[in-house]
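Pasting a structure here, questions to come.
The values are calculated or read from the model by the stated rules, or taken from the named source; none is laboratory data. Predicted model only: the values in this text are computed from it and were never measured. All Cβ positions, glycine included, derive from the backbone under ideal geometry; neighbour counts span all protein chains shown.
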């Protein structure tokens, strides 16, 4: 067993450090000079990072061709020391999982940066845009390489902040401001659960640390928290007389944080609104990278979730439900970016339930989930970037005001079609392979219900994706815009083509060799799964063609016939309204108002009273200061006598 | 040669005095750089020597890690004081102040007090200890009364002399009594059998009163407000920091070297004095209007936090106090640098005069705000970390009520520090107020001080170094 080594591996800290340096440089120095230069510097920095990530992957996997993958921490720095044995280090963890995420994040980020130079060309604030994009990339990389749960939490919040800043990028638009607030508040609420989970884990982990701890480990390290001995103990501990074990409790709480970030039902409500941000932001943050942080967190703590069992079941069913739920809503939305947002939700559901159906005995779902994360990053960011190109050309998000763009936007059309086929799971594109593995894992792990849901959603995915495809590109142009529609500039076409190629070939990556638990497995195509899934996908496409190819006239009739049922779906099952009802009608009226009254009348009164006491004491005491040295002398002597008295009392 | 830093300070002081004789008034500008360079060289020779143990002059002078850190503190505060005094003394000011001059003498006297303080921590003999304490104190009387034709400055000097003489006499009697009881002038741990003698209690009480005078512990603090207000602003800065450090060094010499381990029995007394000091300092500071007087009460309350390190006589107390002393030097001198600058440029020193400073000089207002917040103990500034260690000493010694009192006091202090911030940031500026100029030296000093106090709050290694070195020495 050789320890992987290499120049880039030794200096892996540079991968997050370069975006950080670039963030500072662009934010402080370059942005005031020229916003054009800001874009170029920011993009170049991410490209360097991406190149390093690929070299890192090559160095790591060529050093460990088939052996058990090892985790390496090439760089670490003691950050907080609470007491001996309770320290938190900042560090860089290199293992297959973090390498996968580093490659995905830097690659997609680099391409989106490149695309943004063109997309944000006419925007006065683009310097600010690139600054925050760099901040986001740094934060995401810091999250990915975290060797302990505290560092992950810190960067988790930083990612949330950069997401907030970018959703609210068009801060003059009230809807964008509202959306950024909504995203921040919902994810913060979820993070509260995460935080409590961390505290519980940390508390019990620290207690166990003295007997089970290993030299070189800290109580918050993933390596310690997921070691079998610790998990076994945590699973047998209980909170008071409660029936739930500490492990299950903390894992469910941690999953709450993951569900918030990855927008799982019922915390999904922020993601569709987050589309108020610029389209490249949606592509990078709200499709390919940040939203998979929740999936990544579950994968990172997979051993702990698996040891709990119950927590893993929660992951599986929440994932599966979100998968179906979002796909149904996706069928009815009119805003192209919102359809893509619901599609993201649905695909994240796939990744989640794939983790949920995996076990230590059947770890296929783990690999499948990471595989889907990998392929999805490419085709989903491509879908967003291509949608951005369409929006750029026709100045609307509404698919009913598009149409007939095949000739006018040939490259965009071609790349969008590739991505649509990939997400629909058509052989031999990337989505086919990863979805096939997920469904196979669900069947293999003995979850027929989840398997059925996954299969159904495969059909629904094809239906809603081809719905927007036909409405956007086929038929006649239904928009109001009179200026000629132009294809996007070359600078924006390059990332589209690169991502299209990636969406075609990513499926051939032997993920089972790289990211796995236990034995390496060679994924063959599971025909029992692939055939029904492909048939359903083709049915979906056919249905979409029937309903939407002729400018959607047949669909309109269907809509009318479905009536109220359709309206409920279109209103996203009124989940937002339910939240508003609970918060405004119940929380604000019955909880917040009494507290506000108490605060205003009792707490403020107390504060004012104590302020008054301090001031009055001061005014009284200042009169001791007479300015006369004789008086001071008397006090001095009195003080010395007081000391004498104390000594007499103490040492007698 | 273990007394090389002290020697450099002496040589520098004499060199300044002699050079002064040969220069005309215009050329005396070089005296300040001379003094500053002298201190930097002394600091360098100190740092090269790294904390070590050594003994010389027949056992009367010795060095160890605790003393080393005290000397770093004295040299640092002396250096900063020179950097913030030179504008005033060289006349690079907006409003000329009468009676300021005699630069050669000023720097010589300042270096003499630094020398006194440095020898004070190294003394291992009662006579040396007392003489060096006087050397550290007496020049301060002179500095306080520096503005000869200013009535307030003269009054402050006079009060300081009288009160100082009383404290000195008190201490000398205490030392004399102890000599009589032990029969030796060596500063080594004394026999605990003495604890039964009333004469010993009297001697200790007199020494504690003297320490209380230097550290401005209630009720020995009265001189501070009048003296701080009357003295020229840079001298006030020096008094509030270095003189307090000298008091702590003296207390350390007496309480840890001589009455080794006895302080543990007097924990309640220390806690009571600490609580009284911080409470009085904080509450009276609320109602002050003159900023120097205000800072005097703020400094009194800081002394109250500082002596929390003595509670229970725990070993952790010493690194906590040393660290807080360093933090306090940087922070308080940063605030004083702003005060000195403001009084140089406008001749004003009322808190209300600072209104609208954030509009005219935003960067200086920012550094002042950072300094004040650090004094109030707001994270992540270094004042927070310093207080945290002191509070944890008290809580480790079992004095939870003291921690509660200190926490309440911190809150009160935030209120009055915010009074100044409010003047600077919220109150509108006068219509005719313009941007005030700042000299490059002072600007650079301010920047370095602000950055340092920020870094000391974030980077843990400084405290860890102090802690490991002093604890190792204590466990010797």
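Go through the stretch B:293-318 and give me each residue that's in a helix (DSSP H, G or I), more than 14 Å from chain A (Cβ to nearest Cβ) and more than 14 Å from the chain's Cα centre (by Cα).
B:308, B:309, B:317, B:318
If a residue has to be exposed (fewer than 15 other Cβ atoms within 10 Å of the Cβ) and either modelled with pLDDT of 75 or more or not in a helix (DSSP H, G or I) (or both) to count, how many in the stretch A:539-555 make the cut?
4
Let me spell it out: the conditions are (1) away from chain A (no Cβ under 14 Å); (2) within 18 Å of residue B:333 (Cα to Cα); (3) within 15 Å of the chain's Cα centre (by Cα), and residue B:227 meets all of them except one. Which number is the exception?
Of everything listed in (1) away from chain A (no Cβ under 14 Å); (2) within 18 Å of residue B:333 (Cα to Cα); (3) within 15 Å of the chain's Cα centre (by Cα), residue B:227 misses just condition (1).
What's the number of the condition residue B:146 fails, among (1) away from chain A (no Cβ under 14 Å); (2) crowded, with 22+ Cβ neighbours inside 10 Å; (3) touching a residue at least 60 places away in the same chain (Cβ under 8 Å); (4) assigned to a helix (DSSP H, G or I)?
Result: residue B:146 passes all but (4).
crowded, with 19+ Cβ neighbours inside 10 Å, in a loop (DSSP other than H, G, I, E, B), touching a helix residue (DSSP H, G or I) at 6+ places or on another chain (Cβ under 8 Å) and at pLDDT 85 or above: does that describe residue A:201?
In short, no.
To continue, here is another question. Report whether or not residue B:260 is free of Cβ contacts under 8 Å to residues at least 60 places away in the same chain, surrounded by fewer than 23 Cβ atoms within 10 Å (Cβ to Cβ) and either assigned to a helix (DSSP H, G or I) or more than 14 Å from chain A (Cβ to nearest Cβ) (or both).
Taking the combined requirement at face value, the residue does not satisfy it.
State whether one or more residues within the stretch B:108-116 are in contact (Cβ under 8 Å) with a residue 60 or more places away in the chain, farther than 23 Å from residue B:187 by Cβ and within 16 Å of the chain's Cα centre (by Cα).
yes
Is it the case that residue B:207 is away from chain A (no Cβ under 12 Å) and either in contact with a helix residue (DSSP H, G or I) (Cβ under 9 Å, 6 or more places away or on another chain) or touching a residue at least 40 places away in the same chain (Cβ under 8 Å) (or both)?
no
Scan (1) within 14 Å of chain A (Cβ to nearest Cβ); (2) at pLDDT below 90; (3) within 29 Å of residue B:95 (Cβ to Cβ) for the single condition residue B:348 breaks and write down its number.
Here residue B:348 meets the rest and fails (1).
Of all residues in the stretch B:156-175, which are more than 10 Å from every other protein chain (Cβ to nearest Cβ) and either without any contact (Cβ under 8 Å) to a residue 12 or more places away in the chain or part of a strand (DSSP E or B) (or both)?
Result: B:165, B:169.
Within the stretch B:278-292, which residues are more than 11 Å from chain A (Cβ to nearest Cβ) and under 23 Å from residue B:312 (Cβ atoms)?
B:278, the sole residue that qualifies.
Quick check: anything in the stretch B:177-195 touching a helix residue (DSSP H, G or I) at 6+ places or on another chain (Cβ under 7 Å), within 11 Å of chain A (Cβ to nearest Cβ) and either part of a helix (DSSP H, G or I) or without any contact (Cβ under 8 Å) to a residue 12 or more places away in the chain (or both)?
So far as the stretch B:177-195 goes, yes, one or more of its residues are touching a helix residue (DSSP H, G or I) at 6+ places or on another chain (Cβ under 7 Å), within 11 Å of chain A (Cβ to nearest Cβ) and either part of a helix (DSSP H, G or I) or without any contact (Cβ under 8 Å) to a residue 12 or more places away in the chain (or both).
Something else about it: Can you tell me how many residues in the stretch B:52-76 are crowded, with 20+ Cβ neighbours inside 10 Å and over 22 Å from residue B:130 (Cα atoms)?
1
Considering only helices (runs of 4 or more DSSP H) fully contained in the stretch A:568-645, which possess at least 1 residues that are facing chain B (nearest Cβ under 8 Å)?
A:604-621
Tell me the residue from A:178, A:146 that is within 22 Å of the chain's Cα centre (by Cα) and not in a helix (DSSP H, G or I), please.
After applying the criteria, what remains is A:146.
Test residue B:213 against the stated conditions and say whether it is at the interface with chain A (Cβ under 10 Å from one of its Cβ atoms), assigned to a helix (DSSP H, G or I), touching a helix residue (DSSP H, G or I) at 6+ places or on another chain (Cβ under 8 Å) and within 25 Å of residue B:241 (Cα to Cα).
The answer is yes for residue B:213.
With the requirement that a residue be outside any helix (DSSP H, G or I) and either at positive phi or crowded, with 24+ Cβ neighbours inside 10 Å (or both), what does the stretch A:434-475 give you?
A:446, A:475
Sticking with this one: Can you tell me which residue among A:220, A:203, A:194 is under 27 Å from residue A:261 (Cβ atoms) and without any contact (Cβ under 8 Å) to a residue 40 or more places away in the chain? Walk me through it before giving the result.
Values: A:220 fails: without any contact (Cβ under 8 Å) to a residue 40 or more places away in the chain; A:194 fails: without any contact (Cβ under 8 Å) to a residue 40 or more places away in the chain.
Within the list A:220, A:203, A:194, the selection yields A:203.
Only one of (1) over 19 Å from residue A:526 (Cβ atoms); (2) buried (at least 24 other Cβ atoms within 10 Å of the Cβ) fails for residue A:431. Which number is that?
Condition (1) is where residue A:431 drops out.
Same structure, new question: Quick one: is residue B:238 surrounded by 24 or more Cβ atoms within 10 Å (Cβ to Cβ), more than 8 Å from chain A (Cβ to nearest Cβ) and either within 20 Å of the chain's Cα centre (by Cα) or touching a residue at least 60 places away in the same chain (Cβ under 8 Å) (or both)?
The answer is yes for residue B:238.
Just the residues that are over 18 Å from residue B:243 (Cβ atoms) and out of contact with any helix residue (DSSP H, G or I) (no Cβ under 6 Å at 6 or more places or on another chain), please, taken from the stretch B:134-154.
Going through the stretch B:134-154, the residues over 18 Å from residue B:243 (Cβ atoms) turn out to be B:147-152, B:154.
Across the stretch B:134-154, the qualifying residues are B:148, B:149, B:150, B:151, B:154.
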